1. Please report the spacing between the Cα centers of segment 196-215 and segment 447-496 in Å, no decimals.
2. To the nearest 10 Å², what's residue 153's accessible area with a 1.4 Å probe?
3. Check residue 441: other-chain or 5+ apart residues with amide H under 5 Å from its amide H, H built from backbone geometry?
4. With a 1.4 Å probe and all protein chains kept in place, how much accessible area does residue 206 have, in Å² rounded to the nearest 10?
5. Roughly how many nanometres apart are two label points built 7 Å out from the Cα toward the Cβ at residue 405 and residue 526?
6. Using θ = phi - 60° and the Karplus curve 6.51 cos²θ - 1.76 cosθ + 1.60, what whole-Hz ³J(HN,Hα) does each residue of segment 496-512 get, with Gly and Pro shown as x?
7. Run the simple label-point estimate for residue 51 and residue 118 please: 7 Å along Cα→C-beta, distance reported in nm.
8. From the phi of every residue in segment 75-89, what ³J(HN,Hα) in whole Hz does the Karplus formula 6.51 cos²θ - 1.76 cosθ + 1.60 yield, where θ is phi - 60° and glycine or proline is x?
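The values are calculated or read from the model by the stated rules, or taken from the named source; none is laboratory data. Everything quoted here is computed from the prediction, not taken from an experiment. Don't worry about glycine lacking a Cβ; one is built from the backbone with ideal geometry, like all the others, and counts go over all protein chains shown. Only protein heavy atoms, including side chains, enter the accessible area calculation; ligands, DNA and RNA are left aside. Shrake-Rupley method; radii C 1.70, N 1.55, O 1.52, S 1.80 Å.
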Amino acid sequence: MPAFSSLPTSGLVLNAIRCTSLLMGLWLTGCASLPTEVSRPTSTALADPTETRLGTLVNARAARAGTRNDSGFALVGSAELAFTSRMTLIKAAEKTLDLQYYAIHADETTDRMMDALREAAGRGVRVRILLDDFNTTGKNAQVLKLAFERGIEVRLFNPLPGGRGSLVMRVLGNLQDTQRMQRRMHNKIFVADNAVAIAGGRNLGETYFGQSEGTNFIDIDILAAGRIARDLSRSFDQYWNDPLAYPVQSLMSKADIDALKPPPPGTTQATGTSDAALTPAPVKPAAASTVPALGDSTDLRLLTWTWAPSTLLVDKPSKIAADADSTGDAQDTAVDGLLQLMAEARSDVLLVSPYFVPGERMMKQFADIRQRGVRVRVLTNSLASNDAPAAHVGYARYRRALLAMGVELYEMHAEQPGTVRGLRSGGGSMGDSTGGSRSSLHAKTAVIDQRLLVVGSMNLDLRSQLQNSEVGLVISNQALSEEARALIEPAMAQGAWRVELVDDQLLWRAPQGSTLKDTRTEPDASLGLKLLLMLISPFAPEEML
């Protein structure tokens, strides 16, 4: 998720009032700085996964399959499976658990996961959690308390100096160093005993597991076992032992985190000349939740594992170095790797990218692919479904040109019925969310020539290419590619608007089977949102969207 785009009007804050905000930022952080003497004990992944039950399970499955491939995979296409598979790995782990995420949101869903991690640490499992620092503010800072639990280590990557009271004030307080603030660790991996891993687009929180009463993210993960899990662990170790990874204890105390805890529900903050006190406030009875409860585990043995050749696309930690220039390191990036795979396509490229800001270089590549007769289809967010409307600005700049060269564009329909199972007849649709009535696309997936599947954290935008660190798994297997395509294509047809150029004007074709009508303006979006798009469009640099 784009860093500044986490704020509803971030592009406006960052650009339209940049000068005023910069002065405020300098004032807010005049004395704030990061510690210079930091103890970072080096640690690495479990050396021999075969000494664990998970490692034994992987070897047994490989032997039963009679395969020469060293990695097995299972597509995680539903929100419930995404949660239960992670919980299962926590409960099954005997030696180590390594979690690397851009964001962990503090809510009931992650409370259950954090409790399971405490239990794992209590039975002797070493738990390492590496978290990007950007979103560790306010309520979300409470997850950092895990750093003070025995057997659990938590490090923050590329931390920002200053307070953590709110995300808005944090942005304003660091505008004197926007380059550092913009470079975020966007990797998302979960590894148990260096034997089985989960990677993909999901952060941790109720909106990623279909549990929000409001908007839920549609996403895809991949469960990976064997050699590819060890590759993910090696990448984790690089980030964990990097100088940009700060142990939580070097930045704050448990008391500091407690001070950020929001008041309990049903209380208000009293103000006046005396000390602040919590006073009861009238509370309306809570309405019964319409979100089905998540289970605690799933039997990984029941999943269909596909053994296939694979490789890892992953950025180096040095990409996030604060002194890197605005165009990033000269090293090849994970996004560059995906673009190279697309350049070699022979017949079909199917892309899912929630934030799609191609830039001139990617546009040239799309043109080259289309000139060779390769079909290109892209599913992305509409203005209404995009949780970061500022990111839609960059996409809208290229929409006409993409359509003119023959790229087929689909934009997610924001208003979905109670569950997004409706995106595919018979259920089981992409990202299967059972929560609220609004959906936002969050999956990052590519299917190339019906035989190559890419699942990861990277968007096709300049932020992922130039600024954020990303990770993606490339799997060469027709069956898995077909399974992913079977999730994506019904979502495009029945849950998305097809964008076309008709008489040189944009036209949004309504999703198939819906009662909606075709429209000439951004569908589902309010007038205020459309006006916001027009307002910030001239000021928003593409690399910051």
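1. Their Cα centres are 17 Å away from one another.
2. Probe radius 1.4 Å; accessible area of residue 153 about 70 Å².
3. 218
4. Near enough 60 Å² of accessible area.
5. Result for the modelled spin labels: 3.6 nm.
6. Using θ = phi - 60°, the values come out as 9, 8, 8, 8, 9, 9, 10, 6, 6, 10, 5, 9, 9, 7, 5, x, 4 Hz.
7. Label at residue 51, label at residue 118, 2.9 nm between them.
8. Coupling constants for segment 75-89: 6, 10, x, 10, 5, 5, 5, 4, 6, 5, 5, 5, 4, 4, 5 Hz.
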